[in-house]
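Chemist: Structure provided below as structure tokens; questions to follow.
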Amino acid sequence: MRQQLWLIVGWLFLGMGIIGVALPVMPTVPFLLVAAWAFARSSPVLHRRILDHPTYGPSVRAWQERGAVSRLAKIWAITAMSAGVGLSWYAGMPGWVVATQAGICASVAAFLITRPEA
């Protein structure tokens, strides 16, 4: 039963990662990280397929092996978060919403900055 649950979680996050390939506002690799984590507990074959993917596999392997995030990924993520906060402010969202969003994004940015680079 537990293995089936991990398999469902893996497929769900893999699906969101695939959607992220087509939608620029939705990240791909974070969803693949969760999918690989779930597949490692349920399907070694699917786990290996994610790790061996020519485009996304190196990022997933770098995270699993060293907790590493590439410099380009850090720059893109922090730029996208900053743009999202700026857009919320520009759109006239309530101040508490923008402040909450900015706080969360700043925390994520600080976490990213402290990760080793791939």
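Chemist: Give the residue that is farthest from Ala38 (Cα to Cα), with candidates limited to residues of region 61-118 that are among the aromatic types (Phe, Trp, Tyr) and at pLDDT 95 or above. Let's see the steps before the verdict.
Modeler: Residues of region 61-118 among the aromatic types (Phe, Trp, Tyr): 63, 76, 89-90, 96, 111.
Then drop every residue that is not at pLDDT 95 or above, which leaves 89-90, 96, 111.
Details: Trp89: 37, Tyr90: 39, Trp96: 35, Phe111: 23 Å.
Filtering first and then ranking leaves Tyr90.
Chemist: Could you count how many residues in region 10-59 are closer than 26 Å to Lys74 by Cα, among the aliphatic types (A, V, I, L, M), over 11 Å from the mean Cα position of the chain (by Cα) and in a helix (DSSP H, G or I)?
Modeler: The number of residues fulfilling the criteria is 11.
Chemist: Mind checking which residues of region 31-55 are within 24 Å of Leu5 (Cα to Cα), of a type in the set (Ser, Thr, Tyr) and surrounded by fewer than 18 Cβ atoms within 10 Å (Cβ to Cβ)?
Modeler: Once the filter is applied, which keeps residues that are within 24 Å of Leu5 (Cα to Cα), of a type in the set (Ser, Thr, Tyr) and surrounded by fewer than 18 Cβ atoms within 10 Å (Cβ to Cβ), region 31-55 yields only Ser43.
Chemist: Follow-up question, since we're still on this one. Sort out which residues of region 60-86 are surrounded by 18 or more Cβ atoms within 10 Å (Cβ to Cβ) and within 12 Å of Val29 (Cβ to Cβ), and write them in order of number.
Modeler: Correct list: Val60, Ala62, Trp63, Val69, Ala73, Ala77.
Chemist: Let me ask something else. List the residue pairs whose Cβ atoms are under 8 Å apart, where the first residue sits in region 26-50 and is touching a residue at least 40 places away in the same chain (Cβ under 8 Å) and not assigned by TED's automatic domain parsing to the domain that holds Trp76, the second is of a type in the set (Val, Ile, Thr) and assigned to a helix (DSSP H, G or I), and the two are 6 or more positions apart or on different chains.
Modeler: Pairs that qualify, where the first residue is touching a residue at least 40 places away in the same chain (Cβ under 8 Å) and not assigned by TED's automatic domain parsing to the domain that holds Trp76 and the partner is of a type in the set (Val, Ile, Thr) and assigned to a helix (DSSP H, G or I), are Val29/Val60.
The values are calculated or read from the model by the stated rules, or taken from the named source; none is laboratory data. Computed from a predicted structure; not experimentally measured. No Cβ is skipped: glycine too gets one built from the backbone with ideal geometry, and neighbour counts run over all protein chains shown.
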